[in-house]
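To keep things clear, I will list the structure first and then write my remarks on it.
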Ligand SMILES: Nc1ncnc2c1ncn2[C@@H]1O[C@H](COP(=O)(O)OP(=O)(O)OP(=O)(O)O)[C@@H](O)[C@H]1O
Ligand SMILES: [Mg+2]
């Protein structure tokens, strides 16, 4: 029997990590938004990405979802380099995201917004749709079932047929999450999902993220300023400051990192980073 890389029979390379970020640098004129950032996210883990305002967290998300393509360094997802792939391929590849500033279709209903997320899973082409082949009907049924499942899971039943733009902020955030999940991602990028939520909603969000990870076997990269949430949920944490990686490791270690404490507080104290 032939043994290849990592001793796997057949020699087919299995990626050690679902996501590999290598030496990624992004500049906006004189601003270095990301400065040679490298880290890995293992399959199935929740990785918290933290750092003060302007640290480069959203910029990194934009590189991962190919909104920014002009970075140096390399990003690999499931062993595949993203460099050559266009932005519209990301959802189909298995990377879903929510946005720091909500990006819903405000006049479409909740159900329609979520359905948009399923379109990247369409296997039938325009001709099949024009001829209304049976495969199209089967696919539409499967997509509708996925939307129904997400409406129920994210407690959106009562508002499913209302325009998304009319809903309270916390509900709109759940709609965005549902839409990201509708594309059946393997990697879910959440950019400040707790921002603007009250205490009870943050507690519910923590339960929801854990449930979703289990149910859909997700790997999650979580950008969050709510330290209580990120410390409680994350298996591992990557901390950025001024575009540079400052600390990395399990929450219990990272929360004591003197560099990180200095970045947040200007002085080495643990207490407030744990809040
Ligand atoms: N499109 C852009 N053009 C110019 N500068 C940008 C752009 N996007 C981000 N920046 C700059 O890059 C740096 C990193 O910004 P980024 O939005 O990634 O930070 P962040 O960690 O997400 O911050 P926050 O916690 O406030 O959301 C900042 O200095 C920001 O002003
Ligand atoms: Mg941001």
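What length, rounded to one decimal in nm, is gained on full extension from residue 256 through to residue 32, with 0.36 nm per residue of separation minus their alpha-carbon distance? Additional length available on full extension: 78.0 nm.
Here the stretch 190-215 is scanned for amide nitrogen atoms under 18 Å from the site 7 Å beyond the Cα of residue 162 along Cα-to-Cβ, giving 197-198, 201. Go ahead and set up a Gaussian network model of the chain, Cα springs under 10 Å, then flag whichever of 84, 55, 164 fluctuates most. Greatest mean-square fluctuation among the candidates belongs to 84.
Rounded to the nearest 0.05, the FRET efficiency derived from the C-beta distance between residue 140 and residue 242 at R0 = 41 Å is 0.25. Potential lengthening of the chain between residue 102 and residue 265 amounts to 55.8 nm, from the contour at 0.36 nm per residue minus the alpha-carbon distance.
Among 137, 232, 263, the largest mean-square fluctuation in a Gaussian network model of the chain, built with springs joining Cα atoms closer than 10 Å, belongs to 137. With a Förster radius of 25 Å applied to the beta-carbon distance between residue 149 and residue 80, the computed FRET efficiency rounds to 0.35. Normalised by the number of residues in the chain, the mean separation of alpha-carbon contacts (under 8 Å, six or more apart) gives a relative contact order of 24 percent. Using the average count of surrounding beta-carbon atoms within 10 Å as a protection proxy, the listed peptides 38-48, 85-95, 178-188, 217-227 rank, highest first, as 178-188, 217-227, 38-48, 85-95.
Estimated from helical segments only, the mean residue ellipticity of the chain at 222 nm is -10000 deg cm²/dmol, where each DSSP H run of four or more residues counts as -39500 (n - 2.57). Pick out which of 101, 62, 241 has the largest mean-square fluctuation in a Gaussian network model of the chain, springs linking Cα atoms closer than 10 Å. Evaluated over the chain, the most mobile residue of the options is 101.
Every number in this text was worked out from the coordinates using simple rules, so none of it is lab data. None of these values were measured; they are calculated from a predicted model. Every residue, glycine among them, receives a Cβ derived from its backbone with ideal geometry; neighbour counts consider all protein chains shown.
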